[in-house]
1. Quick one: in the stretch 185-198, of everything that is within 14 Å of ligand 2 (Cβ to nearest atom) and buried (at least 17 other Cβ atoms within 10 Å of the Cβ), which residue is farthest from Phe230 (Cα to Cα)?
2. Note down all Cβ pairs under 6 Å where the first residue falls in the stretch 234-253 and is without any contact (Cβ under 8 Å) to a residue 60 or more places away in the chain, the second is buried (at least 24 other Cβ atoms within 10 Å of the Cβ), and they're at least six residues apart or on different chains.
3. Of the numbered conditions (1) touching a Gly at 6+ places or on another chain (Cβ under 7 Å); (2) under 30 Å from Lys237 (Cβ atoms); (3) of a type in the set (Lys, Arg); (4) more than 10 Å from ligand 2 (Cβ to nearest atom), Arg379 fails exactly one; give the number of that condition.
4. If you scan the stretch 359-375, which residues turn out to be part of a helix (DSSP H, G or I) and touching a helix residue (DSSP H, G or I) at 6+ places or on another chain (Cβ under 6 Å)?
5. Could you list, in sequence order, all residues of the stretch 369-380 that are in contact with a Leu (Cβ under 9 Å, 6 or more places away or on another chain) and hydrophobic (A, V, I, L, M, F, W, C)?
6. With surrounded by fewer than 17 Cβ atoms within 10 Å (Cβ to Cβ), part of a helix (DSSP H, G or I) and within 16 Å of ligand 1 (Cβ to nearest atom) as the only criterion, which of Lys306, Lys233 stands out?
7. State which residue is farthest from ligand 2 (Cβ to nearest atom) when the search covers only the stretch 111-168 and only residues that are farther than 30 Å from Val372 by Cβ and small (Gly, Ala, Ser).
8. With the structure loaded, tell me whether Phe234 is more than 26 Å from Met326 (Cβ to Cβ), in contact with a strand residue (DSSP E or B) (Cβ under 6 Å, 6 or more places away or on another chain) and of a type in the set (Phe, Trp, Tyr) or whether it fails that test.
Amino acid sequence: MDFNLTEEQIMIRDAARDFAQSELLPGVIERDEKQEFPTEQIRKMGELGFMGMMVDPKYGGGGMDTASYVLAMEEISKIDASASVVMSVNNSLVCWGLEAFGTEEQKQKYLTKLATGEIIGAFCLSEPEAGSDATSQSTTAIDKGDHYLLNGTKNWITNGNTAGVYLVIAQTDIEKGHKGINALIIEKGMEGFEVGPKENKLGIRGSDTHSLMFTDVKVPKENRIGEDGFGFKFAMKTLAGGRIGIASQALGIASGAYELALKYSKERKSFGTEICNHQAIAFKLADMATHIVAARMLCLKAASDKDEKKNYDQSGAMAKLYAAEMAMNVATEAVQIHGGYGFVKEYHVERLMRDAKITQIYEGTSEIQKIVISRNILRG
Ligand code: CAA
Ligand code: FAD
């Protein structure tokens, strides 16, 4: 693994930084308050190539490496984690899943539009009774010869209302357990598919989280991804990469909070000096900076494993576990360094603290990452 960034990676990181400053920062507080989806900003992110960064250019993507994606995710997340979760789901769950396992027809029909941001994708695994325990699927996709009949409810779906394409995991053969699960491509507007109300959330409030209801939705067989029964493995393999995206999101939230805290600590005075001159504050900054660098290294390590076609289940889970726990701590300390000002919206750090929390929960909670890591370690 080379720790030096290439010129191209630096260019991509800087482009993401400029975009976040000029297009995402204005209005980020209001979008959070009103739970407003960043429609125009996501459209521009598509135009700039941030929605299908790693997709092969022949399908309209940027053909970039995973490290570039990590760097861009960090920069976007520093400013607006609601926008970055849209980016993460589209890039590393939906585009990657389709590119890795879809048929050529599926790629031509869906991936080309997803990679350019013309449409947004959603990844639908969780259910009211199946979150961490993802094999306990109640949504059914019954084989009817030339189509599946899809019934059930998915919960907490990011891009739930704004997506045009949904990758839905459902049980076809209960007798076969996880080997009887399929992944199906569903289009917005299919008969029997309804979007539930928007969730009113603690953080990432600009993102669009909904439950989805399927009642006798006829899904053509050509919309199945992979062989019959491949759906659970599809979900697990896709989530392994998705976790690198969310780790980078957590890293960005932490970096954003740290940078604000550092700046504030050099401006705010108490007892006749800038507060950064109090060792208690300086040591907090030292801890924050150290943990952020460690998380960045873990994210880049997982990205490098993925690009070098090594197994990244463990390095991705480690990156997500570490970065998520670190982001929650760093953002909380950033609020503390701001004192009372940290508790109000204008200073941004309270939002970053609320946004950090979700990184410990979605795409596998921190406890689930420990299960993945420990199983890998114990298997050797
Ligand atoms: N790659 C390939 N196959 C895998 C795999 C991987 N990374 N992980 C597991 N599998 C396979 C196993 O090999 C096994 O298959 P075999 O029986 O053929 O060997 C099968 O999947 C079942 O695996 P387990 O026995 O390990 O399953 P489990 O019931 O113990 O659960 C788990 C494992 C890791 C806890 C899994 O259920 C899990 O990841 N849960 C968390 C779910 C999650 O992350 N949800 C995120 C939803 S998306 C989201 O959240 C998006 C967003 O917020 C923005
Ligand atoms: P549970 O699984 O009920 O867990 C509750 C608690 O028990 C957690 O602390 C958990 O870590 C712990 N726990 C459970 N089992 C174990 C165990 N074996 N050992 C130790 N501890 C355990 N899902 C999607 O499919 N697509 C999306 O786009 C998506 N977006 C989301 C967006 C938001 C804002 C939110 C809140 C969730 C989203 N999710 C999405 C769902 C998310 O992935 C789940 O919430 C998550 O996987 C946890 O599942 P759960 O909420 O059912 O919690």
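1. Val195
2. Matching pairs, first to second residue: none at all.
3. Of everything listed in (1) touching a Gly at 6+ places or on another chain (Cβ under 7 Å); (2) under 30 Å from Lys237 (Cβ atoms); (3) of a type in the set (Lys, Arg); (4) more than 10 Å from ligand 2 (Cβ to nearest atom), Arg379 misses just condition (1).
4. Result: Thr359, Ser366, Gln369, Val372, Ile373.
5. Answer for the stretch 369-380, where residues must be in contact with a Leu (Cβ under 9 Å, 6 or more places away or on another chain) and hydrophobic (A, V, I, L, M, F, W, C): Val372, Ile373.
6. Lys233
7. Gly145
8. yes
The values are calculated or read from the model by the stated rules, or taken from the named source; none is laboratory data. Since the model is a prediction, treat every value here as computed from it, not as a measurement. Heads up, the Cβs are rebuilt from the backbone with ideal geometry, glycines too, and the neighbour counts pull from every protein chain shown.
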